Every structure is written in C-alpha cells, then in structure tokens.
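Colleague: After the structure tokens below, expect a handful of questions from me.
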C-alpha cells in the first residue's frame, strides 16, 4: 500500500504552534468594552400644562414612574371654565435624573425640529380652541406657548391629546405630522 | 506504481457480483478530463470506512483492505479536488480488485442541476437518514452577491424573514432565529440571532457549499436546533500542485449594487517536467485567501424609493491547512463587516405613528436616491477563528474543532438621546450607537468516529462519539437597554450509531446538554443578578430504505462512469423512503426572559418572563424521494409538537401607557405548539433532443406550513404563507464557443396567509402575489479560460407586493424589478 511519508513533521508542529498563537492573539488582543456606558435614554417622564388667565390659573400634570418605560402615576384632569381665554405653556422634565433634566429647553433650542399638536375630543370637541402662539426661526408654529379659548355653555367632558412631533426625517411645514413622535399623552378635560 | 495500462471505466455504479475476497483493492488514477494530465493531491475518501487517501504525482491511488479494516460495502467513494467538480461513486462490491480511471471536470464546465437532494449515505451521524438539501455550484452561483438567506430561498420548506434586501434569515418549516442553528466552517455561528432584524453574519461569497437539514437535529448540534440546521462550508483546501482562484462580479439594477469577490488558493509547488516530477515543495499544504465587497444604495419599490436601505459590506477569509495520509489540520479565519441602513419610514415613535404609516400605504419619509447610509442604521462585525484537526488512528478518526468568535453589533437610533448642553453634544451622541452588544464565544468540539464494525459481508456499523463545550458572554452598552449582559457556559456529550446494509440505513443517537447562565442585574430595570441551570436530553432515530431496483451487471472494463449522482444515466434510478423521529430541547434565551420595553419599529411593549422553562420538541418526518433519468421528485411531510413553546402573547386588557402613547402589551409566555406541513419538489425532463442534447425541463416546488397554538386554540403568528415555485428551463450542452447554455423562466406564487391569530397584528396579512423571473446564461470558452455569465431579471413585471414575513410590510412594498448580471472567471494551473 502506498504510504504517505511526512517529510515536514517539524513544519506540522510549527504550524500547530502558529495556529495556537494566532487563536490566542484572537482572544487576547481584542479589547472587550467594559459596560460602563450604560445609561437609559433621556425622555421626559413629567409633563405639566399651565394655563393662566386673569380670573385664575389651571395646572395639570402627567407623570410616570420612570421615563419612556414607566407607567403613569399621576394624570390630572384639566378643569377649564366656560367662555374664557387662557395663556398656556407646556413643560417637559425628566425627574428620574438627579438633578432633573428640563427637556423644554431642548425643544426650544431645536424648535424647527419639533411641533406640538393639541387635539380635543369628546363632548368638549368644538368648545375648545387651541392656538399656538410661538414661532420657530422659519416662522412656523412650535407649541410650547399657546392660547386656549373655551366657548360659553354648559358642562362638557372630553380629553386633550398632546403629541410632540419630531422632524429630523421630514421637513416641518407647520401643518404636517412627523412620522415619528416623541410624546403622545392624553389628559382628561372638563369644561365647567 | 503505475496504472496507465488499466482499462478506463466511467460510471456511477459499479455493480458487480457481491464477493468479499481476501485481496480487496481499489486502484485508480485521477486525471483532468480535458488535458488528460494526471492530478495529484486529489482527496479520495471511502466514506463508511473513513479512509482517505491522496493521489500521488502520477495521479494514482490505492485503497486496500488492511488487517484492521475490511472494505465494507456498499460504500461511497468521494473524489475531490478544488477547482473540479467533486465525484461521488457508490461502490457496491469489489471483485478482488477494482480499477477506476477517474476524470475530473473543471468546476465551471459542468453546470449543476437545480437543487437536488443528495444521497446522504456519505455522511455518518444523525443526518445519514435525513434528506439533506445541498446547494453548490451553479445553484449557489445564481444567488451570488446576495445574502446567504437568498441562496436558501429556493428550497422547499424555507421562507425568508426579511428586513429589506440586506437582512434575510431562513425560516425553516415555520421556525427561525434561535430555533435554527447555522454552522459556518464547522463552528456554530453565535451572533444575536434572536432579533428578527439580525441576519446571519456570514459572507455569502466565502460559501462554496450549503447543506440544509430541515427538522430537528439536536444530536450533533445540541440544544437549539429545533427547526433545522444550515451548514455553510468553504471548499476543502487544495492539496495538490495547484494555484488558482475565482473572481466573481455581480451588478444589481434595483439598488445599484455592485459585488466583487476574489479567491486565491494554492497547494504544493512542483519543479520539473510533468510526469517525471523532480521536486515538490510543501506537499500536503494548502491555502486560500478570499475577500469580497458589496455596496448598495437605496432599494426601489415599484412606486417609490425605500429610503435609507443601502448597505456596504467588506469581508475576508483566510485558510491554511496541511494534510497527510493520517493527519489533517486546518486553520480558518473569517471577518464579516457590514453597515446597513434601516428604512427611514419604518422608524416610528408611537403606536399612533405606526397606524398613520399603515394608513398612508407608502413610506411617510422619502428622500432622493442615494448610496449614503444615515441613522437609523446597524454596524456589525463578526470575527471567527477556527482550528480543525483530524487524526486517523487505527481505531478510528479523531476530530477536534476549536472556535473563537466575536460578534459586535451597534445599532444607531435616529434620535433618542437628549443630552443636556449644546446641540453639538446631541449630534455627537447620535454618532455613537444607541445600543451595542458584544457577544464572545469560545467553543471546543471533539468527535471520534470509530471504524466500521462488520456484521456481515454487506452490513456495517459506523458511529460517532462527541463532546462539546462552549463559553459565551454578552456585554451590553449604549443608552438603550435591550437585554442584560450575561455569561453562559454549556457542555454536551452525544453518541450516534449507524447501521448500513445494502438497502437500509438505521440510525440512532442520544445527547445530553447542560447550560449554565449568569445574568448581570440592572437596578433601573429591576432585574436581580440571576443564575440559571438548564439541562436536557435529545434523542433521534431514523431509517432510510432504498427500494430495490432492477440492476444491470456491467463488466468492469465497460462500466460507464458517470461523474455525479446528480447527472443521470440510463441505469441510474433510486427511490428511497426515509423516516425520522426525534426529541430535542432549547433553553429560554435572555431576551425572552428579560425584555422590557419597546424595540423601535415594533410598536409593542414586550415584557420578559424570568420563569420560562425550556422548550421541548417532539418531531416526526417522512420523505419519499426518487432520482431517475427523467424524473426527480421528493415529497416530505412532518409533524412537530413543541411543549412550552416560547412566544409573546398580547394582553389586550393591559395596554402599556407611556409618555410615547399607549402600546399593546406582550408578555412572554409558553404554550403547546404544533407545526405540521409538507413539501413537494419535482423536476422532469420533458424533451431531450437526441442529436444536440438539448433538453427541456420543467419542475416546481411547493411548501405548506401550519402552526397551531394548542393552548389558546388559535394559529401561530408569522407562519410562512403557502408558496409554490415553478420553472421551465431549456438547456443546450454546447453552442458555438459556449457550453452549458440555459434559459429559464420561473414564477413564484404566494398565497395570502389566512391563518393568523385575531386582533394581534396591526394589520391584516398582505395579499398573495405572483412574481416572474427570467434568467439566461452560459459558459464562454475563450482566451484559454472559461467565463461563466448570467443575466437574471427578478420580479420581471415590477409587481408591487408585500410578503407576510417582511418586517417592512407595514410601511412599504418590497423591492421591485431587479436586473442582475453575474460573471465569474475561474483561473488556475497545476504548478508543474
């Protein structure tokens, strides 16, 4: 029978050693990132709507335990008086961080990338008019400042939905909704 | 020893009077079919006897009965040399001496038929009784430049879970991701397989051969292989006096993609006159260097651009090996790097955004066409090292395979970071990944294949004893916590024995696995440090019966040697029936246990369950296949019950209210799942012109899967829709300066999936669709080389469609018409 002679026995051993070394290099020289970079994404967990009028002020808070993944712990009802005009502001804060992070400033700084949408539904629909008063550098609405007008009449219940559109994939036109939203929360609403 | 005088014999079957003589010898010479030059370094393996020999410089080889080994027949003789079409003979009997004059055809001169099912007699182990689908050669060429998944998509029983054209993973008989094992160059691929948008990190250009085993294969691959196994292999290294390689170029019209690959390989170097070799350097050594690049811009759906779906990939691999008669060692390194965009319109923040995107019926974000990739995107690198050594001891063959791999995945969100300070910091944070995952795996697999025990002149027992250990850790970084970091150790031992008789193979195997996992807790996520231990037994039993065929007794001197099992001769018919049953299991994965939150694009709030138990699978599978001159056919049916099947169940009563709106809540839970289905494939020669050998063939493949969640009495979600592929093909062996001329027209018919759980998905499954493809190609012999080319039009009519398993189906149509040009040029020479 044909016998294969191994003329390079030493070469085989050298190669084995090389392979071993190479695999060690593979293990040893790879930096393994330490998991020090772990931090949750920063989104607001507390949104406050403040409405002021000469006759009295209204404040409503929407708060969840942590930020985006938290469950709501407090959702106030917006109690509005009929036939009145309020000046409103909205404030978004992450209170889970120490110190808390006020994200309202971010939205203001990037006003041309953000727009709030306020939608009233239920019986109160048609009784409440919300008009955005602040403008970004392109003279388009932002929604951090607005007015709320209620018509006179009897008691009505409903809800106010607040959506914060984020425009980094499409251009903001003032009327278009962003394909991505940073916030989508709903306050119960009552007109008295 | 010289055997030039031996009479030539050419044929796949050597059917001689059964006789076990005292002096059993197989002599042979191997030559190039065109140049008639003897080929050295050709690997000739008698598979059941596990005896491999290499042809010498005059092309000759001898396989002889030795004191420790009887040539137990039937057995399969494999003849392989890189750059040449491998040969596969079934040796039925050896009458004293058998002499073979083997002629190898160069790789490109013989086109492969459509997917065929190989007689797996050659494999020992649990797959010996399975019908393994093999893709190589021409069949693999037609998906060159595309993802690995694309190469598998024509196999009946396989569908693709796709996220655009750049991410595709196989769904085998309704199961995917963590339930399918992918083996790359002998090492089980360890990436972040659990994610639906995480594709296998394998360079499709480095693959020369894909074996797909549909159904549970827990014995050789351990826990996890419930759905099936995909083995991808580079060719064996050249060990002759050979230097050569292959270039591939492919261009795609749809996404303006270019793909390029170059392979160089070589073996020993001889100096001297051919036939009277004077000196050979590096005999037994072989090496290969391979690199590939792919770059694509945005894909185009029929009516719009799929913005930010481009990708760029750069891959390479390196292999070095040494083979002697008894000892083989090979080292392999592969690097895979990719950067790929995620469809911009699929990035949403709230459930309402998703509903608006679905209502719009087309992406809400569309940019001008571009090659550039923006956030959201993924960057992945995968490094794989493996060293494989094999030693043929008197008692059997030892195999040891060491693997090290590291998967680095970085996902960049379009915006999710609110950093106090100036917007420069915000911009900087967008250039850092929102999430990184680094998975490192060490594995060591040892195997001992004992020599065949002879029970009678015609029956033998072969077997494998194996043990494997692996350690693995995952490190999570970035601002978004998806899964906690963990450290896992696993070990398994197994044994498979196979009885081979002339008409039957019987197979039984058992395996025990243990997996220990330590999970790093997270205070912000309320995950405590956790330690878990899972263990379980897998077992498999199979039988494969070959129906007796009318046999032809052909004199040794006139045996017509056919080159391959796939090419047919007038005396080649084979009908087999295979039955396999098995139990297997899978430990729950970290994301199933500890998910908490919304993964962007999914718009569902997933909550893991740390109390999950392992899944246990019970499966049965029956396959009838026929390979003949005119007809090739395979019918399979299977039933698969999975106890404690892990899935996420929606809880409509408890939606999750977050600052980003209200999301449906999904809890990971377990149920009894039942999957059943069937596959049929058919390939028939309708017309064969006697004079110019023109053939007209027609065929098709159909697959059905039904998945039922028994506990909840509803269908399982995301089961592939019923599908059927049909083709008609005209082939001309030669035309002017061209060979292997073909023209193929095929269609894919996919039904609407009408079995799905109610009120879970955001929208109904998309409508069924019909796509047409046409393809044309040949091999041109010119400039002393062979250039193989093809032009393919996929989705010829530019039909808008959405597949049920496409993750972009809520947002956009799948890609439209794609015209693909492929060219490959093999080159090489024996360095005489």
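The values are calculated or read from the model by the stated rules, or taken from the named source; none is laboratory data. The structure displayed is predicted, hence computed values, not measured ones. We place every Cβ from the backbone using ideal geometry, glycine too, and count neighbours over all the protein chains shown.
Colleague: Search segment B:331-352 for residues being within 9 Å of another protein chain (Cβ to nearest Cβ) and touching a residue at least 60 places away in the same chain (Cβ under 8 Å), and hand back the single one that is farthest from residue B:405 (Cα to Cα).
Modeller: Restricting to residues being within 9 Å of another protein chain (Cβ to nearest Cβ) and touching a residue at least 60 places away in the same chain (Cβ under 8 Å), the top hit is B:352.
Colleague: Can I ask one more? Any idea which residue in segment B:480-498 is farthest from the other protein chains (Cβ to nearest Cβ), counting only those that are surrounded by fewer than 17 Cβ atoms within 10 Å (Cβ to Cβ) and under 30 Å from residue B:595 (Cβ atoms)? Give the steps one after another, and end with the answer.
Modeller: Taking segment B:480-498 as the starting set, the residues that turn out to be surrounded by fewer than 17 Cβ atoms within 10 Å (Cβ to Cβ) are B:487, B:489, B:493, B:495.
Filter once more, so that each one left must be under 30 Å from residue B:595 (Cβ atoms): B:487, B:489.
Values: B:487: 12, B:489: 16 Å.
Restricting to residues being surrounded by fewer than 17 Cβ atoms within 10 Å (Cβ to Cβ) and under 30 Å from residue B:595 (Cβ atoms), the top hit is B:489.
Colleague: Next question. Among what's in segment A:54-70 and is crowded, with 17+ Cβ neighbours inside 10 Å and more than 9 Å from chain B (Cβ to nearest Cβ), pick the residue that is nearest to the chain's Cα centre (by Cα). Quick ask: steps written out before the conclusion?
Modeller: To start, the set of residues in segment A:54-70 that are crowded, with 17+ Cβ neighbours inside 10 Å comprises A:58, A:60, A:62-64, A:66-70.
The next check asks that each one be more than 9 Å from chain B (Cβ to nearest Cβ); those that pass are A:58, A:60, A:63.
On the way: A:58: 24, A:60: 19, A:63: 13 Å.
Here the residue is A:63.
Colleague: Further, regarding this structure: Looking at (1) surrounded by 19 or more Cβ atoms within 10 Å (Cβ to Cβ); (2) within 14 Å of chain A (Cβ to nearest Cβ), which is the one condition that is false for residue B:655?
Modeller: Of the numbered conditions (1) surrounded by 19 or more Cβ atoms within 10 Å (Cβ to Cβ); (2) within 14 Å of chain A (Cβ to nearest Cβ), the odd one out for residue B:655 is (1).
Colleague: Run down B:291, B:361, B:341 and say which single residue is surrounded by fewer than 19 Cβ atoms within 10 Å (Cβ to Cβ), under 30 Å from residue A:184 (Cα atoms) and modelled with pLDDT of 85 or more. I'd like the intermediate steps shown before the answer.
Modeller: Numbers: B:291 fails: under 30 Å from residue A:184 (Cα atoms); B:341 fails: surrounded by fewer than 19 Cβ atoms within 10 Å (Cβ to Cβ).
None of the other options fit; the residue is B:361.
Colleague: Quick check on my filter: what residues within segment B:783-832 are part of a loop (DSSP other than H, G, I, E, B), touching a residue at least 12 places away in the same chain (Cβ under 8 Å) and under 23 Å from residue B:138 (Cβ atoms)?
Modeller: Once the filter is applied, which keeps residues that are part of a loop (DSSP other than H, G, I, E, B), touching a residue at least 12 places away in the same chain (Cβ under 8 Å) and under 23 Å from residue B:138 (Cβ atoms), segment B:783-832 yields B:795, B:796.
Colleague: Checking the condition farther than 25 Å from residue B:615 by Cβ and at pLDDT 85 or above, which residue from B:143, B:93, B:153 passes?
Modeller: B:153
Colleague: How many residues does segment A:71-97 hold that are crowded, with 18+ Cβ neighbours inside 10 Å, out of contact with any helix residue (DSSP H, G or I) (no Cβ under 8 Å at 6 or more places or on another chain) and under 10 Å from residue A:45 (Cβ atoms)?
Modeller: Result for segment A:71-97: 2.
Colleague: Can you find, within segment B:353-371, the residue that is farthest from residue B:662 (Cα to Cα) among those that are within 8 Å of another protein chain (Cβ to nearest Cβ) and not in a loop (DSSP other than H, G, I, E, B)?
Modeller: B:357
Colleague: Which of the residues that make up segment B:57-72 are at pLDDT below 75 and either in a loop (DSSP other than H, G, I, E, B) or crowded, with 21+ Cβ neighbours inside 10 Å (or both)?
Modeller: B:57, B:58, B:65, B:67, B:68, B:70, B:71, B:72, listed by residue number.
Colleague: Out of all the residues in segment A:98-111, is one or more within 24 Å of residue B:364 (Cβ to Cβ), touching a helix residue (DSSP H, G or I) at 6+ places or on another chain (Cβ under 7 Å) and either outside the structural domain of residue A:50 (by TED's automatic domain parsing) or outside any loop (DSSP other than H, G, I, E, B) (or both)?
Modeller: no
Colleague: Right, next: From the set of residues in segment B:605-644 that are under 30 Å from residue B:536 (Cβ atoms), outside any strand (DSSP E or B) and touching a strand residue (DSSP E or B) at 6+ places or on another chain (Cβ under 9 Å), which is nearest to the other protein chains (Cβ to nearest Cβ)?
Modeller: Pass one, segment B:605-644, residues under 30 Å from residue B:536 (Cβ atoms): B:606-623, B:636-644.
Applying the additional criterion that residues be outside any strand (DSSP E or B) yields B:608-614.
The next check asks that each one be touching a strand residue (DSSP E or B) at 6+ places or on another chain (Cβ under 9 Å); those that pass are B:608-610, B:612-614.
Working: B:608: 13, B:609: 17, B:610: 17, B:612: 21, B:613: 26, B:614: 27 Å.
In this case the residue turns out to be B:608.
Colleague: Out of all the residues in segment A:155-174, is one or more away from chain B (no Cβ under 14 Å), within 25 Å of residue B:365 (Cβ to Cβ) and either modelled with pLDDT of 90 or more or not in a loop (DSSP other than H, G, I, E, B) (or both)?
Modeller: no
Residue-by-condition table, conditions (1) in contact (Cβ under 8 Å) with a residue 60 or more places away in the chain; (2) crowded, with 21+ Cβ neighbours inside 10 Å:
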{"position": "A:109", "(1), (2)": "no, no"}
{"position": "A:118", "(1), (2)": "no, no"}
{"position": "A:126", "(1), (2)": "no, no"}
{"position": "A:132", "(1), (2)": "no, no"}
{"position": "A:135", "(1), (2)": "no, no"}
{"position": "A:146", "(1), (2)": "no, yes"}
{"position": "A:153", "(1), (2)": "yes, no"}
{"position": "A:157", "(1), (2)": "no, no"}
{"position": "A:160", "(1), (2)": "yes, yes"}
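Colleague: Next question, about the same structure. Take the residues in segment A:176-192 that are under 14 Å from residue B:364 (Cβ atoms) and surrounded by fewer than 20 Cβ atoms within 10 Å (Cβ to Cβ), then tell me which one is farthest from the other protein chains (Cβ to nearest Cβ).
Modeller: This residue is A:176.
Colleague: For the list (1) within 14 Å of chain B (Cβ to nearest Cβ); (2) within 30 Å of residue B:360 (Cβ to Cβ); (3) out of contact with any helix residue (DSSP H, G or I) (no Cβ under 7 Å at 6 or more places or on another chain), I need the number of the one condition that residue A:137 fails.
Modeller: Exception for residue A:137: condition (3).
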